[in-house]
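Every number in this text was worked out from the coordinates using simple rules, so none of it is lab data. Only a predicted model underlies this, so the values are computations on that prediction, with no experimental measurement involved. FYI the Cβ positions are ideal-geometry reconstructions off the backbone, even for glycines, and counts take in every protein chain you see.
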Amino acid sequence: MHFDFFPSRTITIYMAKMFAVRILAVLLMLTLVLQMLDLLSESGKILAAPGNGQAQLLTYVSLRFPQLVARFLPYSVLLATLITLSTLNQNSEVVAMKAAGLSAHQVLAPLVLVAMVCSAFTFAFNERIVTRATSTLKAWEAVGFGPIPKDSGVKANVWLQDGPNILFAKGVAGEGKAMTMADASWFRRDPNGMVAEIVRAPIARYAGPGWQFDQPTSFDVQSSRLTRLPAPVIVAKTVDPVQVLINKTDPDSESLPQLSRSIAAIRNANRQTGEIDGKWWHKIAGPLSALLMPLLGGVAAFGLARSGHLFLRVVLGMALGFAYFVVDNAALAMGNFGGYPPLLAAWAPFVLFALIGETVLIRTEE
């Protein structure tokens with residue numbers, strides 16, 4: 001029996017159903033409470049935009065709710081692990097299973113199975129739902145919760161440095177040489193750093209080098225004179241499409257294939273991609289955090305409840321689980337600053353706490 005990971009079909013189904021129900025209950029509780037608090041803090045900004053009402057509040061909820069689900073699903077798995085295992089322990093069901101010959105790993109096996117499903121769901125949910133919702137929400141926030149941009153792939157409010165000058169566009173669409181800017185402005189600054197001239201155009205196209213402003217107008221700051229230029233002009237010759245890509249590449253708003261293409265384009269321009277590489281790997285390692293929770297919270301299942309140590313075991317499991325999230329965020333931040341290689345920053349916390357969880361389980365129960 002010790003070599004069979006799932007020795008009892010009845011026990012597996014019983015524990016898996018119990019665990020899954022508790023995950024859904026905890027997740028629903030967390031997301032509803034946090035969604036209400038978030039909506040209270042943002043509703044004033046949403047309703048301040050002309051024409052916004054209840055429909056826009058519901059739209060905000062539909063875009064924010066997937067983010068909350070993806071963020072707090074691993075926490076829900078941890079809390080559900082502690083609730084499930086402490087309940088089984090208190091009712092002496094774990095004692096009965098161990099008396100029947102099940103090892104500690106076999107007791108946790110149904111929970112690990114459900115956690116694997118949660119990890120797979122989280123990855124797919126992030127790729128298909130969360131990235132799109134995040135992209136749309138950020139674009140909506142960029143226009144002050146006004147009319148939602150139809151193309152969420154358009155990069156909004158892009159500021160770029162052109163030597164001492166500044167290039168700004170309200171929207172950027174396309175890739176590479178086909179990239180275009182909408183409502184573009186070029187701010188020419190004098191040697192003292194003051195804006196001397198502002199050139200605007202409804203459309204700007206990459207001219208390689210520089211950006212061609214169609215139907216441009218020039219505003220001279222000193223004389224306050226607005227002049228319509230007779231022909232297109234080319235400005236910002238030091239700015240290329242890769243700078244736009246680097247400036248506005250958002251791993252949270254791009255799926256894994258999209259982010260891979262962005263990284264490839266940045267590398268082709270001989271630019272560093274260390275920070276984005278770390279987030280690329282974390283898109284895979286992050287959802288697997290749910291898989292660790294039954295292992296880290298497994299200490300709550302064992303030990304006699306009547307000994308008075310059950311509460312301490314629950315606290316230890318909770319401490320291990322939350323310590324993982326702290327270390328994971330710290331490692332990712334260190335990777336962003338270049339302190340860790342991207343692969344190490346994304347995967348080291350997962351491997352470290354998997355070993356810690358196995359060590360605690362083996363030393364205490366096996």
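At-a-glance table
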{"read-out": "Net charge of Cβ neighbours under 15 Å - reference Y340; Lys, Arg +1; Asp, Glu -1", "value": "-2"}
{"read-out": "Amide hydrogen neighbours beyond the local backbone of L288, cut-off 5 Å, H modeled", "value": "none"}
{"read-out": "Violating pairs (Cα-Cα greater than 32 angstrom) within the set K170/K279; K45/K170; K17/K138; K237/K283", "value": "K17/K138; K237/K283"}
{"read-out": "Amide H contacts under 5 Å for Y340, placed H, 5+ residues apart", "value": "G335"}
{"read-out": "Per residue Cα convex hull volume in Å³ - calculated over region 164-237", "value": "83 Å³"}
{"read-out": "Cβ-based exposure ranking for S223, S260, in which fewest neighbours within 10 Å come first", "value": "S223, S260"}
{"read-out": "Those trypsin sites (Lys or Arg not before Pro) in region 252-355 that DSSP places in a loop and that have at most 14 other beta carbons within 10 Å", "value": "R271"}
{"read-out": "Sparsely packed trypsin sites (Lys or Arg not before Pro) within region 118-222, loop by DSSP, other Cβ within 10 Å at most 13", "value": "K150"}
{"read-out": "Per-peptide average of other Cβ atoms within 10 Å, ordering 343-355, 9-21 highest first", "value": "343-355, 9-21"}
{"read-out": "Karplus-derived HN-Hα couplings along region 208-225 (A = 6.51, B = -1.76, C = 1.60, θ = phi - 60°), whole Hz, x at Gly and Pro", "value": "x, x, x, 10, 8, 8, 8, 6, x, 10, 10, 10, 8, 5, 5, 9, 6, 10"}
{"read-out": "Efficiency of FRET between L28 and Q258 - r from beta-carbon atoms, R0 35 angstrom, step 0.05", "value": "0.70"}
{"read-out": "Kyte-Doolittle mean at least 0.5, axial Cα span of 15 Å or more - DSSP H helices of the chain", "value": "9-48, 54-90, 104-125, 310-336, 342-365"}
{"read-out": "The chain: relative contact order as a whole-number percent, Cα under 8 Å and 6+ apart", "value": "16 percent"}
{"read-out": "Karplus-derived 3J(HN,Hα), 6.51/-1.76/1.60, for each residue of region 167-181, Hz, glycine and proline x", "value": "10, 10, 9, 6, x, 10, 10, x, 9, x, 5, 8, 5, 10, 10"}
{"read-out": "Sum of -39500 (n - 2.57) over DSSP H runs of 4+, divided by residues of the chain (222 nm, nearest 500)", "value": "-19500 deg cm²/dmol"}
{"read-out": "3J(HN,Hα) from dihedral phi, region 231-240, Karplus parametrisation 6.51/-1.76/1.60, rounded to Hz, x for glycine, proline", "value": "9, x, 10, 10, 10, 6, 6, 8, 9, 10"}
{"read-out": "All aspartates and glutamates inside 12 Å of K177 as judged from Cα atoms, apart from same-chain residues fewer than 8 positions distant", "value": "D240"}
{"read-out": "Sparsely packed chymotrypsin sites (Phe, Trp or Tyr not before Pro) within region 313-343, loop by DSSP, other Cβ within 10 Å at most 16", "value": "F337"}
{"read-out": "Label selected from (i) 54, 22, 16; (ii) 29, 26, 22; (iii) 35, 21, 21, the criterion being semi-axes √(5λ) of the Cα gyration tensor in Å as computed here", "value": "(i)"}
